[in-house]
Amino acid sequence: MTGPHHDISSGAYPGQVSGPQPVPSAPWPAGTGPHAVPSGPHAVPAAPQQSTAGPPGGWSYGLPPGARPELVNTPIGQAGALANSAWQQRADRRVPFPALVAVELRKLFGTVSDRIMLALAPLYLAGVTLFGLLTVASAPATAAQQVLGAVVGAEFGGMLVHATVIKVIGGEWHYRSVQLTLLLQPSRLRYAAAQAGALGVVWLTLTAAEFGVFYPVAVSHIGQSGFQLYLNQRIGWVLAVIAVGNLLSLLVCLAVALLLPNPTAGITVYYVVTVLLAFRFEPWPVVWFLDPFGLLNLLAGTRSDALPVLTGTLLLAGVLTLGVLSLRGRDAR
């Protein structure tokens, strides 16, 4: 097949200009048509390089009024002017543990009802302690009988304070106010440790208050009753009995508060348990092995068997462990 032949080695096609062409110099010639670029004095101006502000809702090539150039496109917390600012340092700093304990202590005085109950708590503690001293231990012939009033005061004298503790701990979960606490302190174990620290302060306060009420009245009362006085020779033992009794009663209160995140239910169960524990001295051997105050009974001399002490202490420790585990998995939403 023959026909016109074109050489494609040069890369040109029919009708295509293959050689170099002259490039016109500025100014460019004016075009024609409706979309032609105007020439002369009506030429399109160049785009502005920077402007201070644009129209509302429009585009601006520059920074907004009042903006700081060093803060634009700067990753906060990693580099730039805000990385070492005062508020950033405070946000990154961990809350000191004593501050958390102080916050938990202030919660005990959060409402009017809490303050009323805590105001009446010293009077109630003194009344229960004196009742145990003057009526329960009516014939204080032995050291165990002379210290029995302190045992009664340690077990039942702090009930108003314990009710306030249950109200605060259970109320935080019931009314979801614990969300703010966990936002500031995400670690639930550290939150529980702060509550334990606050309860430690409460325990020391109750111990000192009961000792200040019981010891001088007991020494005066027993000295006038004609019986030999043993308490003045065992001041450390009396203080230990009061401290252990208040500690165990506070741990029972804490176990109820951790297991029941409802203040009404928690206070009700706590009072029922406290009343039932008052009958543990009845001749029911089974109850002795469930008594969380077994260590107190052994220390005060009202019981001499060590097995109920072991079983009651293990039971209280198990209930407290269950309460802490339930606290870790509890929904705060």
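The values are calculated or read from the model by the stated rules, or taken from the named source; none is laboratory data. This is a predicted model, so every value here is computed, not measured. Positions of Cβ are backbone-derived with ideal geometry, glycine not excepted, and every protein chain shown enters the neighbour counts.
Here Val272, Val252 are screened, and the one residue that is within 19 Å of Ala194 (Cα to Cα) and modelled with pLDDT of 90 or more is Val252.
Of the residues examined, Pro308 is not one that is over 23 Å from Thr142 (Cβ atoms), buried (at least 17 other Cβ atoms within 10 Å of the Cβ) and at pLDDT below 90. When the residues of the stretch 242-292 are filtered to those that are under 22 Å from Leu133 (Cα atoms) and small (Gly, Ala, Ser), the one that is farthest from the chain's Cα centre (by Cα) is Ala278.
Among the criteria (1) over 34 Å from the mean Cα position of the chain (by Cα); (2) surrounded by 14 or more Cβ atoms within 10 Å (Cβ to Cβ), the one Ala163 does not fulfil is (1). Could you look through the stretch 101-140, keep only residues that are surrounded by fewer than 18 Cβ atoms within 10 Å (Cβ to Cβ), aliphatic (A, V, I, L, M) and farther than 18 Å from Ser177 by Cβ, and pick out the one that is nearest to the chain's Cα centre (by Cα)? Result: Leu118. Scan the stretch 205-218 and give yes if some residue there is among the polar types (S, T, N, Q), assigned to a helix (DSSP H, G or I), surrounded by fewer than 19 Cβ atoms within 10 Å (Cβ to Cβ) and at pLDDT 95 or above, otherwise no. Yes. If Trp237 satisfies all but one of (1) more than 32 Å from the chain's Cα centre (by Cα); (2) farther than 17 Å from Gln145 by Cβ; (3) surrounded by 14 or more Cβ atoms within 10 Å (Cβ to Cβ); (4) not basic (Lys, Arg), what's the number of the condition it fails? Here Trp237 clears every test but (2). Of the helices (runs of 4 or more DSSP H) lying entirely inside the stretch 111-174, those carrying at least 1 residues that are of a type in the set (Ser, Thr, Tyr) are 112-131, 159-174. A search for C-beta distances below 7 Å between a residue of the stretch 197-217 that is in contact (Cβ under 8 Å) with a residue 12 or more places away in the chain and any residue that is surrounded by 14 or more Cβ atoms within 10 Å (Cβ to Cβ) and not in a helix (DSSP H, G or I), counting only pairs 6+ apart in sequence or on different chains, returns Leu206/Gly158; Glu210/Gly157. The single condition among (1) without any contact (Cβ under 8 Å) to a residue 12 or more places away in the chain; (2) touching a Cys at 6+ places or on another chain (Cβ under 9 Å) that Tyr270 does not satisfy is (1).
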